[in-house]
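Here the structure is laid out as structure tokens; the discussion comes afterwards.
Every read-out reported here was derived from the displayed coordinates using simple, explicitly stated rules and does not represent laboratory data. Just so we're clear, the structure is a prediction, and the values are computed from it rather than from any experiment. Positions of Cβ are backbone-derived with ideal geometry, glycine not excepted, and every protein chain shown enters the neighbour counts.
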Ligand SMILES: *Cc1c(COP(=O)(O)O)cnc(C)c1O
């Protein structure tokens, strides 16, 4: 029996297969510019419908010139995972199955996949087994969920029910945050009614880590409900705040400790790097991503809260948060802000199953070793400076023949532009410590030592060429 899904599904499969085969050979940068992409997608609102496979053909033709090679082995831009094939296939099925993961009765399989993946994630990340996990779109939302749970909990302890009475008139909550927290944490704070100018920023050191004595002083100067936001994995340096010591200190002040560990939390899944993130388990909530180091396809993040009741109270839609569903059944919507949503548990379950504990540990270990190799190869070249202690997978580099910081900014931006033009690999610039740097994030599942050597060669050649120009 032929039916109307076969042709579009097959077309999608064939294009996906061809795209993924070509990804290592094509430039990571798109060839289409904004006007050509607009011309390809644009047109009047369709008056009448079209055949589905024809639509898919048109979509592929319009989109491909504007696709980034983010899933490629030599993509070091931002902090981007490579969409593991098992996760992508599970994600296709998620769409094809058309499941709504709101509640257990709406899709029992979606609910159970999340419930089992919850246990696996807590095991991999060595976090308390009683914690709950919300499957959200990324670390931005995961930070938001953790912080909303924190807000409710610290206010409840001073007899204020924020879920019922809101924030107007509530006792003030002090929020302590490292000065180099990720920008999205500040946007979460805005969303939850804590303006980003109201928070107390704690100075950080040269690697972007929160300064512990300064936090101690700030906490001592304060009384009342408080939240401390720490970071496991700085976006530029990969450095970790001293989370264990921060948690000990903050808990003396009865503050809630939230950790943004978008990619860094995965150091805990790797025995050779776990010491970086020791003590992180003492926190009260954690945010991390699936679509970065775990390699799930977009979108995928995890909001993890030690106290499931605080988590449910903050997120549940009905007032049934005091018990999770009956018979040990977990209801997905009690841990996230949405009701209807993509059944993200399938892709997470599939990727963890495909890689295994050992595969995840060895991938994280390999990426960290490759980042160190990348830094070492680059540092051999005169004029190249590495700006961070490469403890994890992130490397920040600047270029310049002189000691003038302004000149280095100029040369670094020249190298970044020429590198993006060259196409051997992709990386982007960042501004850190008021300087321009090239940021290399080694986090793509399939990246090999040969990729790092070829990319370091290309960067050095470009730096030499730029100087001679
Ligand atoms: C990427 C990142 C975020 C934001 O995560 P999204 O998945 O983009 O929502 C937050 N914090 C840190 C440290 C990150 O690296």
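Structure notes:
- For segment 144-289, averaging the sequence separation of C-alpha pairs within contact (under 8 Å, six or more residues apart) and dividing by the residue count gives a relative contact order of 22 percent.
- 222 nm mean residue ellipticity, helices alone, for the chain (DSSP H n ≥ 4; -39,500 (n - 2.57); rounded to 500): -13500 deg cm²/dmol
- Counting only DSSP beta bridges whose two residues both lie in the chain, roughly 60 percent are antiparallel.
- Debye intensity ratio I(q)/I(0), log10, segment 392-431, q values 0.17, 0.21, 0.23, 0.27 Å⁻¹ (C-alpha model): -0.48, -0.68, -0.78, -0.95
- Rh by Kirkwood over Cα pairs, then Stokes-Einstein D for segment 372-469 at 1.567 mPa s and 4 °C, µm²/s: 97
- For segment 34-103, projected area of the alpha-carbon convex hull averaged over all directions, nm²: 7.9
- The chain, relative contact order [Cα under 8 Å, separation at least 6], %: 21
- Rg(Cα)/(2.2 N^0.38 Å) for segment 145-296, N = residue count: 1.01
- Taking a ≥ b ≥ c as the square roots of the Cα gyration tensor eigenvalues, segment 187-245 comes out oblate, since a/c reaches at least 1.5 and a/b does not exceed b/c.
- Peptide packing for 383-392, 457-466, 215-224 was compared via the average number of neighbouring C-beta atoms within 10 Å per residue; ordered from the highest value, the list is 383-392, 457-466, 215-224.
- Principal semi-axes in Å for segment 1-140 [√(5λ), Cα gyration tensor, largest first]: 33, 23, 15
- Percentage relative contact order, segment 80-177, counting C-alpha pairs under 8 Å, at least six apart: 10
- Ranked 448, 288, criterion: other C-beta atoms within 10 Å, fewest first: 448, 288
- Computed over the chain, the P(r) tail beyond 28 angstrom holds 56 percent of alpha carbon pairs.
- For segment 63-117: span of alpha carbons on each principal axis (Å, largest first): 42, 25, 17
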